[in-house]
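Each remark here refers to the structure printed beneath this line.
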Amino acid sequence: MVCYALSMTEPISIRPRRPGLKAELVRKAKPNVNAWLNDLIERELAAQPNDWREILDGERPVASDQAFEQCLKPE
C-alpha cells in the first residue's frame, strides 16, 4: 500500500489493484515517492477542463446499433 498525505492530518491511501504495482511505483518514483505523486497529481488535475461545457459541446462519438440497443434494454 502506498500512502500519500496532503498534510499530517489528512492521509490519502492508495491501494494498488494488481500485484507488484507498489514495487513498480517505488522504482519509478525513486528517490522521493511523495514528490513523484505530487507531480503526477498536479499534471492530472491540470489536464482537466476548467469547464465541462468544453466536453459536452464537443464532437460526440457515434454509437453502434448494437450498443444503442443495449442502452434501451431494461435491467
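The values are calculated or read from the model by the stated rules, or taken from the named source; none is laboratory data. Everything numeric in this text was worked out from a predicted model, so none of it was measured. Positions of Cβ are generated from backbone atoms using ideal geometry, with glycine treated the same way; all protein chains shown enter the neighbour counts.
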Open item on the list: Here's a check for you: in segment 39-54, which residue that is outside any loop (DSSP other than H, G, I, E, B) and surrounded by fewer than 10 Cβ atoms within 10 Å (Cβ to Cβ) is modelled with the lowest pLDDT?
Closed with: E54
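Regarding L21, is this residue aliphatic (A, V, I, L, M), loosely packed, with under 10 Cβ neighbours inside 10 Å and modelled with pLDDT of 75 or more? Don't jump to the end; show me each part of the working.
Numbers: aliphatic (A, V, I, L, M): yes; loosely packed, with under 10 Cβ neighbours inside 10 Å: no; modelled with pLDDT of 75 or more: yes.
No, not satisfied.
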